[in-house]
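Report on one structure; see the data block that follows.
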Amino acid sequence: MVRKAKAALCREHNKPVVIEEIALDAPKRGEVTVKLGACGVCHSDLSAITGTIALPLPLVLGHEGAGVVEQVGEGVTELAPGDHVIFSFIYMCGKCRFCVAGRPVLCLEQGKALTTPLEGTPRVRDASGAPLGIFSGCGSMAEYATVSAENLIKIDPKIPLDCAALVGCGVTTGVGAVFNTAKVEPGSSVAVFGCGGVGLSAIQGAVIAGARRIIAIDTLAPKLDMAKKFGATDTILFKEDPVKELKKLTGGGPDYAFECVGSGELAATAYRAIRRGGLAVVVGVAKPSDSTSVRTMTLPFEEKTLTGSYFGSCVPRVDFPRMLSLYMAGRLKLEELITRRYSIAEAPQAFADLQAGKNARGVIVF
Ligand SMILES: NC(=O)c1ccc[n+]([C@@H]2O[C@H](COP(=O)([O-])OP(=O)(O)OC[C@H]3O[C@@H](n4cnc5c(N)ncnc54)[C@H](O)[C@@H]3O)[C@@H](O)[C@H]2O)c1
Ligand SMILES: [Zn+2]
Ligand SMILES: [Zn+2]
């Protein structure tokens, strides 16, 4: 059965998203059709629009989604209609050396399913019958999505779907960078560059990890007020190079710094800021042409580390339930991250607000 659904599409780089009616095929073997409840508006969707994340167009946007299983394809045994699920934007083959080693974000099969289910052919078409890609194998900024079962994680139906959706990217990315990638230790000092959905989640992760000092840095003052609500102990309005102030505040530099913006220059700033033996983690996704540089000598003499974190180095089947149990215990704020809810028709406004830095997170609700 072919399903009709309203969806937010990128047809042309740097043009507002368009809302169109799409037609979705029923799930094939190993696939599932989900009726979306909510989809967060992540900067990575915006990066697909600007071309920073270079995916072929036209593209159904959305990867931070949660919904209810509508139909399962042949061979799907772990999910059934009515199950509540969060989308995971990484495909996990479960067999390659990285999957087996517990690092599915590095799965070797991932590049094969960037704009389709793993089988490799599109399940979505526009009104003229032309095929459409789906962002990171999800395409969850639509009333329905047909995806590989491996891109879905079953959750407790008690969790509101708009809060659950955020776990599908921003929250797990930010908290996971702190927990999994950096393994932040209690009593440490942490700097977070960029206070969007990802950076604010890193701040929350640092609070849960027991960091003593959490310094939020952003170019927008209202973002710093938000950062304080999520647990930042200090804030710096980014006007000029903040390294001196960071060193002063922490007596030599933070133990950890998280770049949650997507700029090589800022990655270098985060690296310069950290103390001897410190760790700088690049979470933001910069454009392909961007690069960064460090003073080589500091690597041996100061034993500093610069690393990256993809999807919070998470294992979705382990980390999504972990995030949700922290939420249920009142330790991880999800509801508070949602600044504004939009209908699918308002998706262009949601992206304009993201670009203007108005929201902690904007969420499309269906
Ligand atoms: N590594 C991953 O797996 C992963 C996952 C999701 C998102 N991302 C990336 O993380 C980044 C952040 O995503 P988001 O959804 O939170 O974005 P966002 O747009 O909501 O937030 C970005 C924040 O950075 C601030 N900012 C801009 N320039 C700055 C500067 N020079 N110094 C300090 N702050 C600055 C903005 O004011 C804004 O508050 C994006 O690059 C996104 O693509 C990475
Ligand atoms: Zn794999
Ligand atoms: Zn995202």
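The values are calculated or read from the model by the stated rules, or taken from the named source; none is laboratory data. This structure is a prediction, so every number in the text was calculated from the model and none was measured. Reconstructed Cβ throughout: ideal geometry from the backbone, glycine too, with neighbour counts over all protein chains shown. These accessible areas exclude ligands, DNA and RNA; they are computed on the full protein's heavy atoms, side chains included. Shrake-Rupley method; radii C 1.70, N 1.55, O 1.52, S 1.80 Å.
Values computed for the structure shown
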quantity: Answer residue from region 100-113, given it is within 15 Å of ligand 1 (Cβ to nearest atom) and assigned to a loop (DSSP other than H, G, I, E, B) and is surrounded by the most Cβ atoms within 10 Å (Cβ to Cβ) among those; calculated: CYS107
quantity: Only listed residue being open to solvent by less than 20 Å² (accessible area, probe 1.4 Å) and either more than 24 Å from the chain's Cα centre (by Cα) or more than 16 Å from ligand 3 (Cβ to nearest atom) (or both), chosen from GLY40, GLY62, GLY73; calculated: GLY73
quantity: Among residues of region 12-36, those that are under 18 Å from the mean Cα position of the chain (by Cα) and surrounded by fewer than 22 Cβ atoms within 10 Å (Cβ to Cβ), counted; calculated: 0
quantity: Total residues in region 312-333, condition in a loop (DSSP other than H, G, I, E, B) and within 16 Å of THR173 (Cβ to Cβ); calculated: 4
quantity: Residue in region 40-59 that is touching a Ser or Thr at 6+ places or on another chain (Cβ under 6 Å), modelled with pLDDT of 95 or more and under 23 Å from ASP162 (Cβ atoms) present; calculated: no
quantity: In region 126-148, residue farthest from GLY82 (Cα to Cα) [restricted to those that are open to solvent by 10 Å² or more (accessible area, probe 1.4 Å) and touching a Lys or Arg at 6+ places or on another chain (Cβ under 6 Å)]; calculated: PRO131
quantity: Condition check for ALA165: within 11 Å of ligand 3 (Cβ to nearest atom) and either over 15 Å from VAL318 (Cα atoms) or under 14 Å from the mean Cα position of the chain (by Cα) (or both); calculated: yes
quantity: Residues within region 263-282 that are in a loop (DSSP other than H, G, I, E, B) and open to solvent by less than 20 Å² (accessible area, probe 1.4 Å), tallied; calculated: 2
quantity: Test set (1) open to solvent by 10 Å² or more (accessible area, probe 1.4 Å); (2) over 30 Å from PHE87 (Cβ atoms) - LEU161 fails condition number; calculated: (2)
quantity: For THR116: the one exception among (1) in contact (Cβ under 8 Å) with a residue 24 or more places away in the chain; (2) surrounded by fewer than 24 Cβ atoms within 10 Å (Cβ to Cβ); calculated: (1)
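For every residue, the table says whether it meets (1) open to solvent by 20 Å² or more (accessible area, probe 1.4 Å); (2) hydroxyl-bearing (Ser, Thr, Tyr); (3) free of Cβ contacts under 8 Å to residues at least 60 places away in the same chain.
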{"position": "ALA202", "(1), (2), (3)": "no, no, no"}
{"position": "GLY205", "(1), (2), (3)": "no, no, yes"}
{"position": "ILE217", "(1), (2), (3)": "no, no, yes"}
{"position": "LYS229", "(1), (2), (3)": "yes, no, no"}
{"position": "ALA232", "(1), (2), (3)": "no, no, yes"}
{"position": "PHE238", "(1), (2), (3)": "yes, no, yes"}
{"position": "LEU246", "(1), (2), (3)": "no, no, yes"}
